[in-house]
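As structure tokens, the structure follows; a few thoughts come after it.
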Amino acid sequence: MNNGLKGIDDIFGLTQEEPVQTPANKIVDLPIDSLVNYHKNTKSERYTNQDMEDLVESIKTNGILQPLLVRPLENDHYEIIAGQHRRDAGILADLQVVPAVIKECDDVTAELLFLESNFQKGLENLPESEKADLIFRHQEAVKAQGKRTDLFQKVHDTLEETSVEGVFNLSRSTITRYLRIYQLTDQLKELLDQKEIAIRSAVELSYLTAEMQNKLFEYLIQGKKLDMKKAEDLRTYAEKGKLNEETLEQILEGDLKPKKRKSPSYKMKPKIYQKYFQNQNPKEVEEIVEKALELYFNQR
């Protein structure tokens, strides 16, 4: 879970113990059959059967303690932004109405609120491709939002006090890897989720064109093996513009390897080292420089 990051219910003052009844977040009872799933909901079911059974029993005993967050649609229907599992459990508990907070918001704000509620649940149990999808969608929604609405301002103010790592509960380098994974074709993402492709190899493959990724998939389902070294070689040939069906097959067969180039080195000037590093050992210096470079290139 995201340590130090408030949940959607906390941000809007919707605590389990004392739901706050104010004009801004008034809790109302809505017919359970008037609620529809968020139109861009994630694919996977995070609750196990036991989790759902426990939630149903809790609702039968105590009711739904945390109201759903919804937005109005046409024909007296409402889209669930946060709380779909509570609605599903309510159906199994034979509820006719559920408590909800109705918020008027546009598509971009609804997307951000939905994603934030998903991040509160954690990404641990999601397939790798869905983690990549959620992280990419969050980035695109933030870009598309432009001027922030009053509704999302509370979420924004909370997140402003945290780092990127705090929002996703992932390091910047891991977030960057998932943004690369998003560039994979659906077929390769499926192999990644099935653990037929390692995450680090998947990142390398994301630099291939969609055409070459499709061709690679054809070879992989025929039994060709892919390891990290071959994935790196495929990326090297792709970046040189030399990857085609013939070279792809040769790399997978182990018959073609790019010539190794000596990596350029950089020697830090003594005055810079003395200015920024006093008591750190070489390993600590390396870690600091790496984090600084990640921050620099992620903000460009």
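The values are calculated or read from the model by the stated rules, or taken from the named source; none is laboratory data. The structure displayed is predicted, hence computed values, not measured ones. We work out accessible area using only protein heavy atoms, side chains counted, and drop any ligands, DNA or RNA first. Shrake-Rupley method; radii C 1.70, N 1.55, O 1.52, S 1.80 Å.
Legend: residues T109, T174, sorted from most to least accessible area (1.4 Å probe; ligands, DNA and RNA excluded), read T174, T109. Which of the pairs K240/K269; K224/K291; K40/K121; K60/K189; K60/K121 have their Cα atoms more than 28 Å apart in this structure? Too far apart for the 28 Å limit: K240/K269; K224/K291; K60/K189. Computed with a 1.4 Å probe over protein heavy atoms only, the accessible area of L191 comes to about 20 Å².
If you sort the three axes of the alpha carbon gyration tensor as a ≥ b ≥ c, you get a/c of 1.5 or more for segment 88-129 and a/b no higher than b/c, which makes it oblate.
In this view, the solvent-accessible surface of M268, computed with a 1.4 Å probe and all protein chains in place, comes to about 60 Å². Near the amide H of A82, within less than 5 Å, lie the amide hydrogens of L69, all on another chain or at least 5 residues away, with H placed in the peptide plane. Could you tell me how far the Cα centroid of segment 171-195 sits from the Cα centroid of segment 210-245, in Å? One Cα centre to the other: 15 Å. When I288, I135 are compared by accessible area of protein heavy atoms, the largest-first order is I288, I135, using a 1.4 Å probe. Ranking S265, S206 by solvent-accessible area of protein heavy atoms (1.4 Å probe, all protein chains present), from largest to smallest, gives S265, S206.
Quote to one decimal, in nm, the extra length available between Q194 and K257 on full extension: 0.36 nm per residue of separation minus the C-alpha distance between them.
Details: separation 63, 0.36 × 63 = 22.68 nm, distance 2.74 nm.
Here the answer is 19.9 nm.
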